[in-house]
Structures are given as structure tokens and as C-alpha cells.
Amino acid sequence: MSLHFSILASGSTGNMLYVGTDKQKLLVDAGLSGKNAEALFQQVGANLQDLSGILVTHEHSDHIKGLGVLARKYKLPIYANEKTWRAMEPLIGNVSTDQKFIFPAGTVKTFGDIDVESFGVSHDAAEPMFYVFHHEGKKLAIITDTGYVSDRMKGVIKGADVFIFESNHDVDMLRMGRYPWSVKRRILSDVGHVSNEDAALAMTDVITDNTKHIYLAHLSQDNNMKELANMSVSQVLESKGMPVGQAFLIHDTDPKIPTKIQYV
Ligand SMILES: [Zn+2]
Ligand SMILES: [Zn+2]
């Protein structure tokens, strides 16, 4: 029982996930300023000095805002696929060559006792990808920033013990909200973000008896609410005969408040 994690921040204002075992600690994305990132680490009792690297999902600023600063200050290796590297290099300032590592989509990299599996998603960035963490038979999957969840993606994340799953917007709130139509169309498109309902429908295909916890992530601050996301997802799952609160629980995430470190 050593694989553990904290969702340090989740939402369009910044994303960071801390994942570790007794021996290895990793960060997925660094979408907050260096100062805010340090404060969040302190809040959950983790140390940036202990990290063996930062895995990047894509070059949008809510995922890389603090990347350059943290990598320089703590001399951390950065892992991203080639196209993401090309897109983010001009945005993160100077990072020395020996901190730059290529992690292609659709491959597995071993960090000590954690196997990390990358998989491509459908989102309007250079080559966005997310990760599944494997350790001693346990599986933690994170998937956000995708317009839809394909059968290929489902195949990779299926049966995780813990899911960190995008539940970005309520379609009606988005449609009626204040965003210009071009932005609404982008969010609703195949390369935008997953709605509460679509997230729940995808979950029905990937939840198995292994699944214990689902964290609803990357909620839109304008087009969603925690209670609404939770209720919408729960309703869909219950309608498919997967009652929430029995085999598995659903949890919120927050743009500013980290989740307590949880063992998988
Ligand atoms: Zn994005
Ligand atoms: Zn994002």
C-alpha cells in the first residue's frame, strides 16, 4: 500500500497532480506559479526536493505556468512528447538540455517502482497525452483535457483503482452562459473538454470491481458546479446500475484546495 497521490489543484486556473510511492515521487503538470506550487506541496506535507521529475500533459498555460521556474529551482527533469516540447519550449524559459526528456505518447516509462503509461487524448494542443500509473498491481488513471473518450483511451484506463476524470461542464450551463459562441463551440467540440454526462457515460465503460474512487476534475468555474457535476455523474452511473457510494465513491477537486494524500 504505497502508491499515493494528491490532486494539488484542478481547473482552468491551474492543474497539478502529485503521485508517489515510498521510493519515487512524480508531478504531473505544473500549472500554477512556483510560489503557489510550493504552498500546495507544504499543505499536503510533500517536498518538491523529493520529486524525480515532472510529466507534462500538454502546453496549455493551466498545465505549464510554473514548469520552468520549478524545474530550474529544484533541478527537475521534465518529460513530454516531442511535439509538446516544441510547443512549450518558447513558453517556459531556459531549461538545460540535461533536464529535457522525451516521453512519447502510447509508451511506458519506468520510474523506479512506478510504471507510467502515456496515452494520447483529443484536445486542441500539439500532442496532448495523459497517464496511467502502475505500482504493485494498483492502477491510478488521470484523464482530463479531452473532447471525448475514445475506445482506445478507455482500453488504457479501464479497471483503474482510482480515476481522476475530467467532468468539465454542464452542457446547458455552457450553452446559456456568457461565453462567446466560438468559445462554446471549442469547448463542446471533439478537441475541447468532456461534459459531466459524457464523462459519466465513459466511466460506465471503464469502472470495474477494482474501482474504489473517482475524482471529478478540471471543472469549469463558469459552466459547472461541484454539486451539479457530482449529481449528474451519479445519476448516469445509477441509471446504468452502478450505484455510487457502494463499491466506489465520487469526490470533488478544487482549483485551490489540494486533496489530502490518499493511498490507492
Ligand atoms: Zn488544455
Ligand atoms: Zn487544462
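A helix-only calculation puts the chain at -8000 deg cm²/dmol for mean residue ellipticity at 222 nm, using -39500 (n - 2.57) for each DSSP H run of at least four residues, averaged over all residues. Beyond 21 Å in Cα-Cα separation lie the following of the pairs Lys109/Lys139; Lys23/Lys109; Lys154/Lys212; Lys23/Lys256: Lys23/Lys256. Derived scalar couplings between HN and Hα for segment 132-139 equal 10, 9, 10, 8, 6, x, 8, 9 Hz in order, rounded to whole Hz, by the Karplus curve 6.51 cos²θ - 1.76 cosθ + 1.60 (θ = phi - 60°), x for Gly and Pro.
Segment 4-263 gives an Rg/Rh value of 0.94, both radii derived from C-alpha positions and Rh following Kirkwood.
When Val132, Val191 are compared by accessible surface with a 1.4 Å probe, the order from highest to lowest is Val191, Val132. Computed over protein heavy atoms with a 1.4 Å probe, the carbon and sulfur contribution to the accessible area of the chain reaches 50%. Seen from a random direction on average, the alpha-carbon convex hull of segment 38-144 projects onto 7.0 square nanometres. Karplus-based coupling profile of segment 77-93, in residue order and whole Hz: x, 10, 10, 7, 6, 4, 5, 5, 4, 4, 6, 9, 3, x, 9, 10, x, with θ = phi - 60° in 6.51 cos²θ - 1.76 cosθ + 1.60 and x standing for Gly or Pro. The accessible-area ordering, largest first, of the residues Thr110, Thr97, Thr208 stands as Thr97, Thr110, Thr208, per a 1.4 angstrom probe.
For segment 70-142, the set of trypsin sites (Lys or Arg not before Pro) satisfying both a DSSP loop assignment and a count of at most 16 other C-beta atoms within 10 Å is given as Lys75. Considering only alpha-carbon pairs that sit under 8 angstrom and 6 or more positions apart, the relative contact order computed for the chain is 20 percent. Charge tally around Ala200: other residues with Cβ under 10 Å, Lys/Arg +1 each, Asp/Glu -1 each, net -2.
Using the Cα coordinates of segment 49-92, the gyration tensor eigenvalues translate into equivalent-ellipsoid semi-axes of 17, 11, 9 Å, sorted from longest to shortest. The listed residues Glu127, Glu238, Glu59, once ranked by accessible area (1.4 Å probe) with the largest placed first, stand as Glu238, Glu127, Glu59. Note on Phe103: accessible area approximately 0 square angstrom, rounded to 10, probe 1.4 Å, nucleic acids and ligands left out. Taking the radius of gyration and the Kirkwood hydrodynamic radius from Cα positions alone, what is the Rg/Rh ratio for segment 1-85, to two decimal places? Checking Rg against Rh, the ratio lands at 0.94. Take every Cα pair under 8 Å whose residues are at least 6 apart in sequence, average their separation, divide by the length of segment 131-188, and the relative contact order is 32 percent.
The values are calculated or read from the model by the stated rules, or taken from the named source; none is laboratory data. Values in this document were obtained by computation on a predicted structure and should not be read as measured data. Positions of Cβ are backbone-derived with ideal geometry, glycine not excepted, and every protein chain shown enters the neighbour counts. Please note that ligands, DNA and RNA were not included when accessible areas were found on the heavy atoms of the full protein model with its side chains. Shrake-Rupley method; radii C 1.70, N 1.55, O 1.52, S 1.80 Å.
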